[in-house]
Amino acid sequence: MINTNFTAQLSNTHLLKNQAYIGGEWSDNKKLAMMNVLNPATNKVIGQVPSLEKKHIQKAIKAAKAAQVGWRKTPATQRSIILRKMASLLIKHKQDLALIMTIEQGKSLLEAEAEITYSASFLNWFAEEARRIYGDTIPSPLADRKIIITKEPIGVVAAITPWNFPSAMIARKLGAAIAAGCSILVKPAPQTPFSALVYGKIAELAGLPKGVLSILTGDAITIGGEFSSSNIIRKISFTGSTEVGKLLIKQSASTVKRLSLELGGNAPFIVFSDASIDDAVIGAIQSKYRNSGQTCVCANRIYVHAKIYDEFIKKYIKKVAALKVGNGTDKGVDIGPMIDEAAILKVENQINDAIQKGGEVLLGGSRHELGLNFFSPTILTGANHSMLLANEETFGPLSPIFKFETEEEVIKLANDTNFGLAAYFYARDVGLIWRVSEALEYGMIGVNTGSISTAEAPFGGIKQSGIGREGSKYGLDDYLEIKYMCLAGIDQ
Ligand code: ADP
């Protein structure tokens, strides 16, 4: 079932599917248990998708294995053409796809459109990279032989994706897999299956051979269990919480899988005394409030130098207070609803904990007057490292501000976490910029910017924020195996 209010808003409904895509076939939903999908702006059911059983997952795995035989031999130029077609279909239907995303995820239409463009950029990037999967020859220590290195697709890959970027997190994995010559099974987040199922339809339209891609909706534990225990699946690429990432590492031990994990973050955002305060305010808002604060690279802790503290706060409050909260489909909305009640409770818990430990709420601090899943953009000063917000990922529109005096002190504080995904800082002194970039224990550093993601750059973290990189020339390596061929006897 798909609610008619939902379909009525689209100019073209052929990309909106409520069937799972199993080995190139759309599921027969009459025989399946179904799960509700809600609009987080209204809490109303917008449709249902199947909750697949083990046998369906196994069928998709078998189909992926069968498709793998021909797909890995398909010339890179051909794989590239299909990826490009998929990218152009995303762009062609951008408005409808953005609307589907906003209705199931909540983000503003503007952000949803930007995400579709971002998704297409991964497909185009990997379409180009597919043709550059180069090998090596290595001088041999023995005269009778050659050492030759080739790169081969790893094989069947499984992807488990989150709801916060329901399209781009799939594109980043699927683009790399298809470019490398792998088949891929995608399990999207239960909150946002419609943006995921779109990929089944555009793959069909672009001529991707059946079985190379499956989109499997249903219970996370059932599907995750089948993925982890399968000997056919050679790799799992996961984006989500550190907790589930750790579980997948454990579960995949018995089949020794390659794992790419993009897990939680707790990004520091540092404003040094020589920074442009106006630029830092804009960067902090971009980094903190995008997607209502629900991104793994969101600024989680804002450190401001004592000298410019008052000025920064004054300017920051003014700009944050002007952000418009509302349904993502309404014009001019900056901040949509949070994904659900549990997400709100986590933010509230962090705010209450911070207040008990000396924090002061300067703006917001509570649910928005619109009710439901809407939360007011919040600024809290007097933050310190005994607070939960310094140790946990917030994933909501809360800016805690910490005051600091020295470079040494702020670096120590910034690194005082088990996370290591993104970090940001604003400064002009070139020596300081270099020293701080080196000292920050993070996979990605934004200097004088709050927005760093792009298909050309390697996205990923260190410490408990993950393993591996996505996007960029490095992103393809995670889908390739190195094969060493020793060719001897050439002197005979
Ligand atoms: P979040 O809390 O942001 O939803 P999760 O890590 O729980 O983050 O979810 C990310 C993805 O992982 C989703 O697709 C979710 O369904 C899936 N997931 C959750 N639990 C498991 C599990 N035990 N095994 C496999 N996948 C899981």
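Just so it is clear, none of the values below were taken in a lab; they were calculated from the coordinates. Not measured: the values here are computed from a predicted model. No Cβ is skipped: glycine too gets one built from the backbone with ideal geometry, and neighbour counts run over all protein chains shown.
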Check on Asn349, under 23 Å from the mean Cα position of the chain (by Cα), within 28 Å of Tyr442 (Cα to Cα) and within 16 Å of the ligand (Cβ to nearest atom):
no
Does Phe122 count as crowded, with 21+ Cβ neighbours inside 10 Å and in contact with a Gly (Cβ under 9 Å, 6 or more places away or on another chain)?
yes
If you take the residues of region 299-329 that are in a helix (DSSP H, G or I) and aliphatic (A, V, I, L, M), which of them is nearest to Gly264 (Cα to Cα)?
Val320
Taking Asp274 as the residue in question, decide whether it is more than 15 Å from the ligand (Cβ to nearest atom), assigned to a helix (DSSP H, G or I) and surrounded by fewer than 24 Cβ atoms within 10 Å (Cβ to Cβ).
no
Total residues in region 178-208, condition of a type in the set (Val, Ile, Thr), away from the ligand (no atom under 15 Å from the Cβ) and buried (at least 24 other Cβ atoms within 10 Å of the Cβ):
2
Can you pull out the residues in region 253-292 that are under 21 Å from the mean Cα position of the chain (by Cα) and small (Gly, Ala, Ser)?
Ser260, Gly264, Gly265, Ala267, Gly283, Ala284, Ser287, Ser292
Apart from one, (1) more than 16 Å from the ligand (Cβ to nearest atom); (2) part of a helix (DSSP H, G or I); (3) touching a Lys or Arg at 6+ places or on another chain (Cβ under 6 Å) all hold for Asn291; the odd one out is (1)
Considering only region 50-165, give the helices (runs of 4 or more DSSP H) lying wholly within it that have at least 1 residues that are touching a residue at least 12 places away in the same chain (Cβ under 8 Å) and in contact with a strand residue (DSSP E or B) (Cβ under 9 Å, 6 or more places away or on another chain).
54-71, 94-105, 109-129
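Look at Ala41 and say whether it is out of contact with any strand residue (DSSP E or B) (no Cβ under 6 Å at 6 or more places or on another chain), surrounded by 14 or more Cβ atoms within 10 Å (Cβ to Cβ), of a type in the set (A, V, I, L, M) and touching a residue at least 12 places away in the same chain (Cβ under 8 Å).
Yes, satisfied.
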Please list, ordered by first then second residue, the pairs with beta carbon atoms under 8 Å, 6 or more apart or interchain, first in region 289-315 and without any contact (Cβ under 8 Å) to a residue 40 or more places away in the chain, second of a type in the set (Gly, Ala, Ser).
Lys307/Ser273; Ile308/Ser273; Ile308/Ala275
